[in-house]
Protein chains: 2
Amino acid sequence: MQDVSIVGIGMTPVGEHWELGLRELSQQAIQAALEDAGLRLQDVNALVVGNALGTYINNQSHVAALVADYAGLHGVEAFRVEAMDASGGVALRQGMQMIASGAAEVVLVVGVENVTDVVGAARHNALATALDAEFEAAHGVTPVAVAGMMMRRYMHEYGVALNQFEGFSINAHLNGSKNQNAMYRNKLKPGAFAAAPAVADPVTLFDSAPDADGACALVLTRTERAKDMIPVPVRVKSSAAATDTLAVHSREDVLFLRAANVAAGRAYQLAGIAPTDIHLLELHDAYTILTALQLEAIGFAERGRGWGLAVDNKIGLTGELPISTFGGLKARGNPLGATGVYQAAEVALQLRGTAGENQVPNARIGMALNLGGLGTTAVAHILERVD
Amino acid sequence: MQDVSIVGIGMTPVGEHWELGLRELSQQAIQAALEDAGLRLQDVNALVVGNALGTYINNQSHVAALVADYAGLHGVEAFRVEAMDASGGVALRQGMQMIASGAAEVVLVVGVENVTDVVGAARHNALATALDAEFEAAHGVTPVAVAGMMMRRYMHEYGVALNQFEGFSINAHLNGSKNQNAMYRNKLKPGAFAAAPAVADPVTLFDSAPDADGACALVLTRTERAKDMIPVPVRVKSSAAATDTLAVHSREDVLFLRAANVAAGRAYQLAGIAPTDIHLLELHDAYTILTALQLEAIGFAERGRGWGLAVDNKIGLTGELPISTFGGLKARGNPLGATGVYQAAEVALQLRGTAGENQVPNARIGMALNLGGLGTTAVAHILERVD
């Protein structure tokens, strides 16, 4: 099995790109990533595209072929992977497999999403495809409604007040305010979180990450070769994925993210490290309840205590466990199928030491945890700086 | 790189399964494949699902998680791949990568599609997502319309009459008539093909493969281990994929399937064989024009002469190059994202020598060629009997 490294990173700003489509967004990210790696289009052997809703919202299947075609990657092997908002994490994992197996030498991993062209019912219906179409969505349930029920249950079980989650959003917006690619650059004042209008009670407007457009590209190659290509490659120290039931109501314990637990646990094991060895964590903060539950599932907090890391302010850039270092889904934005690639790219920028105002000091090992649906799919990548 | 073999095969009949959904179809195929392999659910490390239109037609994203959940594959890594009707071929290729890289020991590859619940405009719109949404589908173009234009051009360039393609459909229906899983069991009489109503002139009703529902599952593991598991494993001798432009109108030569040429060429090279070493071929006979063009692109006919193989009757079960041996897309049916898995399964049944009335005598090496769109994606697998 070949050791794999990230040697190129490119991304578009995350936001509402009404003037750009899937092809243009991808092309910009690909061009930037190849320039970063010092490679040309003809050096690429394969393209893996993570995209969640292109068929539904953009009326476009076969997105990977479109992306390859428009970017000028003539004839290259190309395919799309999908696990809803974990599509990006899956794309990185499958891109890695292709190099690990020896099938490819240079792989482009692209996450791309373009969802803000539609609003209202069309968007809600699109997002609800992440749930069980026959047993959940058909009855009008949406993902944020399920998140609201999970949060209510958590608050009831553990006696936690709504404002005790606010630190996660404040941290995300503070970090996002320094990230020129973030969708939201404003800071959140204490008190604003709980007082904001409810989206699906108790989830408020300042709790729920915004759907967004954007594209992020990574260039992967063998670590052995990477060392000769760029000053600081970032190697994939380990990678793992798992699933849980599609519907949260089918779980024995609706407050335990089993897939995250299994994927992160396997990633720690494969990397031979413990959670305490992680210098920064990009997790899937689509809602603060998911943030708290992830921290509990992957070894950073006891059950019912995940919210405490925000209250104790351990999650800032200079804290014990920096999270959402470029704003996370909450402030950088959640471009669904691209999110997992943004997460890995941001961890890689930190490990390279090129995160600018968002830099976590002395970061050598970081983790990206990407979820699909309400914790149904989890993909964990532990990345490490190569010196 | 680990050598990979197929040790389990399961499939549902192909047809209009109005009483079954994605979950039930998949579950039936998975159960049959695991029984065939003598394995249990808990032996499976990963699930790769090929599905084209679940999000669009069934309002279901995250199909792989649904399939894993309903089949009882609790917690298993699962993701979907998509390259329109090449999704199944991509699923096999990515499932193989996971074993080749050492990331998994036993992988389930499932192709599933459930499209016949919708008819008319909804179905046409869904299929048209395979084209360029902004430059083709937005103007009302559908895949069969593009196939019609390709066929008309071919007939004009090479002076071929419509009835000279009929042998492909006659052969497919003859083979399908013996296959209990085929959608169409009727035989076609000479003359019926050209006289049938036009779907998109000159493509007729008996030329165009029917959209269908169905699921097919393959169990993969290392060849070394496969030999101890079942009497006749079928190893993946080689695997390759390539793309062409999404829109046919962007191609320099609209009558040359470049992606098929590149994918098959690489597969021959990796396997160290020539086209003449292939004992049977499952190709992507969505339209007879695609059949002719594939035979020309992958080394079985000169340019402009692919139709001749049908006229000369070389494609029957006892001919020089048996194709569509269980009915092909035309008679077995075209369950889009599942098609590539059915193709590989059918080749594997031939190589095992368990193809019953459809058996090709002395078959030891076979190829499956799966296309997405009008030749935009091509995935080639060369399979070989292991004794």
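When only residues in region B:81-100 that are touching a residue at least 24 places away in the same chain (Cβ under 8 Å) and either within 18 Å of A:Ser239 (Cβ to Cβ) or among the polar types (S, T, N, Q) (or both) count, which is farthest from the other protein chains (Cβ to nearest Cβ)?
The extreme case among them is B:Gly95.
Yes or no, residue by residue, for (1) aliphatic (A, V, I, L, M); (2) touching a Leu at 6+ places or on another chain (Cβ under 8 Å):
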site	(1), (2)
A:Gly75	no, no
A:Ala86	yes, yes
A:Val90	yes, no
A:Arg93	no, no
A:Gly102	no, no
A:Val106	yes, yes
A:Val110	yes, yes
A:Ala137	yes, yes
A:Val160	yes, no
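Within region B:201-213, does at least one residue satisfy the condition of being more than 24 Å from B:Leu108 (Cα to Cα), within 14 Å of another protein chain (Cβ to nearest Cβ), free of Cβ contacts under 8 Å to residues at least 40 places away in the same chain and not in a helix (DSSP H, G or I)? No.
Looking across region A:243-257, the residues that are within 14 Å of chain B (Cβ to nearest Cβ) and more than 18 Å from the chain's Cα centre (by Cα) come down to A:Thr245, A:Leu246, A:Ala247, A:Val248, A:His249, A:Ser250, A:Arg251, A:Glu252, A:Asp253, A:Phe256. Exactly one residue among B:Ala138, B:Ala194 is in a helix (DSSP H, G or I), within 14 Å of another protein chain (Cβ to nearest Cβ) and farther than 23 Å from B:Gly15 by Cβ, and that residue is B:Ala138.
Taking region B:252-278 only, how many residues are in a loop (DSSP other than H, G, I, E, B) and surrounded by fewer than 17 Cβ atoms within 10 Å (Cβ to Cβ)? First the steps, then the outcome.
Quick first cut of region B:252-278, residues in a loop (DSSP other than H, G, I, E, B) only: B:252-257, B:272-274, B:278.
Now drop any that are not surrounded by fewer than 17 Cβ atoms within 10 Å (Cβ to Cβ), which leaves B:252-253, B:256, B:272, B:274.
Summing the residues that are in a loop (DSSP other than H, G, I, E, B) and surrounded by fewer than 17 Cβ atoms within 10 Å (Cβ to Cβ) in region B:252-278 gives 5.
Scan region B:1-10 for residues that are part of a strand (DSSP E or B) and more than 21 Å from the chain's Cα centre (by Cα) and the total you get is 0.
Could you pull out the residue among B:Glu282, B:Glu320, B:Glu346 that is farther than 18 Å from B:Ser177 by Cα and at pLDDT 95 or above?
Values: B:Glu282 fails: farther than 18 Å from B:Ser177 by Cα; B:Glu346 fails: farther than 18 Å from B:Ser177 by Cα.
Matching residue, one of B:Glu282, B:Glu320, B:Glu346: B:Glu320.
Anything in region A:336-354 that is within 9 Å of the chain's Cα centre (by Cα) and either surrounded by fewer than 24 Cβ atoms within 10 Å (Cβ to Cβ) or within 17 Å of A:Leu290 (Cα to Cα) (or both)? List them, or say none. Working first, answer last.
Of all residues in region A:336-354, those within 9 Å of the chain's Cα centre (by Cα) come to A:336-344.
Listed by number, the residues that qualify are A:Leu336, A:Thr339, A:Gly340, A:Gln343.
Answer yes if at least one residue in region B:127-135 is touching a helix residue (DSSP H, G or I) at 6+ places or on another chain (Cβ under 6 Å), among the polar types (S, T, N, Q) and in contact (Cβ under 8 Å) with a residue 60 or more places away in the chain, and no otherwise. Yes, there is a match, as at least one residue in region B:127-135 is touching a helix residue (DSSP H, G or I) at 6+ places or on another chain (Cβ under 6 Å), among the polar types (S, T, N, Q) and in contact (Cβ under 8 Å) with a residue 60 or more places away in the chain.
I'm checking my understanding of the structure. Among residues of region A:168-191 that are assigned to a loop (DSSP other than H, G, I, E, B) and among the polar types (S, T, N, Q), which one is farthest from the chain's Cα centre (by Cα)?
Ranking the qualifying residues of region A:168-191, first place goes to A:Asn186.
Being out of contact with any Asp or Glu (no Cβ under 7 Å at 6 or more places or on another chain) and in the same structural domain as B:Ala345 (by TED's automatic domain parsing) narrows it down to one residue among B:Ala247, B:Ala242, B:Ala267, B:Ala259; which is it?
Values: B:Ala247 fails: out of contact with any Asp or Glu (no Cβ under 7 Å at 6 or more places or on another chain); B:Ala242 fails: out of contact with any Asp or Glu (no Cβ under 7 Å at 6 or more places or on another chain); B:Ala259 fails: out of contact with any Asp or Glu (no Cβ under 7 Å at 6 or more places or on another chain).
Testing whether each residue is out of contact with any Asp or Glu (no Cβ under 7 Å at 6 or more places or on another chain) and in the same structural domain as B:Ala345 (by TED's automatic domain parsing) leaves just B:Ala267.
Among the residues of region B:45-72, the ones that are surrounded by fewer than 24 Cβ atoms within 10 Å (Cβ to Cβ) and either under 25 Å from B:Met229 (Cβ atoms) or more than 11 Å from chain A (Cβ to nearest Cβ) (or both) come to 2 in all. Against the list (1) part of a helix (DSSP H, G or I); (2) modelled with pLDDT of 95 or more, the condition A:Asp228 fails is (2).
Within the option set B:Ala182, B:Ala217, being in the same structural domain as B:Ala71 (by TED's automatic domain parsing) and touching a Gly at 6+ places or on another chain (Cβ under 7 Å) holds for one residue only, B:Ala217. Determine, yes or no, whether A:Asp211 is in contact with a Lys or Arg (Cβ under 9 Å, 6 or more places away or on another chain) and under 19 Å from A:Leu283 (Cα atoms). Here the answer is yes, as A:Asp211 does meet what is asked.
The residues of region B:311-335 that are more than 27 Å from B:Ala130 (Cα to Cα) and either basic (Lys, Arg) or buried (at least 24 other Cβ atoms within 10 Å of the Cβ) (or both), listed by number, are B:Lys314, B:Ile315, B:Pro322.
I want to confirm something. Restricting to region A:114-135 and keeping residues that are assigned to a loop (DSSP other than H, G, I, E, B) and not aliphatic (A, V, I, L, M), which single residue is nearest to the other protein chains (Cβ to nearest Cβ)? Reasoning before the result, please.
Narrowing region A:114-135 to residues assigned to a loop (DSSP other than H, G, I, E, B): A:114-120, A:129-135.
If we keep only those that are not aliphatic (A, V, I, L, M) too, we end up with A:114, A:116-117, A:120, A:129, A:132, A:134-135.
On the way: A:Asn114: 11, A:Thr116: 16, A:Asp117: 11, A:Gly120: 17, A:Thr129: 4, A:Asp132: 7, A:Glu134: 7, A:Phe135: 10 Å.
Restricting to residues being assigned to a loop (DSSP other than H, G, I, E, B) and not aliphatic (A, V, I, L, M), the top hit is A:Thr129.
Considering only region B:360-375, I want to know if a residue exists there that is within 22 Å of B:Tyr158 (Cβ to Cβ), in contact with a Ser or Thr (Cβ under 9 Å, 6 or more places away or on another chain) and surrounded by 19 or more Cβ atoms within 10 Å (Cβ to Cβ). Checked region B:360-375: at least one residue is within 22 Å of B:Tyr158 (Cβ to Cβ), in contact with a Ser or Thr (Cβ under 9 Å, 6 or more places away or on another chain) and surrounded by 19 or more Cβ atoms within 10 Å (Cβ to Cβ). Being crowded, with 17+ Cβ neighbours inside 10 Å, within 14 Å of another protein chain (Cβ to nearest Cβ) and modelled with pLDDT of 95 or more is a description that applies to B:Ala240.
The values are calculated or read from the model by the stated rules, or taken from the named source; none is laboratory data. Treat the numbers as computed from the prediction; the structure is a model and nothing was measured. Backbone-built Cβ (ideal geometry, glycine too); neighbour counts: all protein chains shown.
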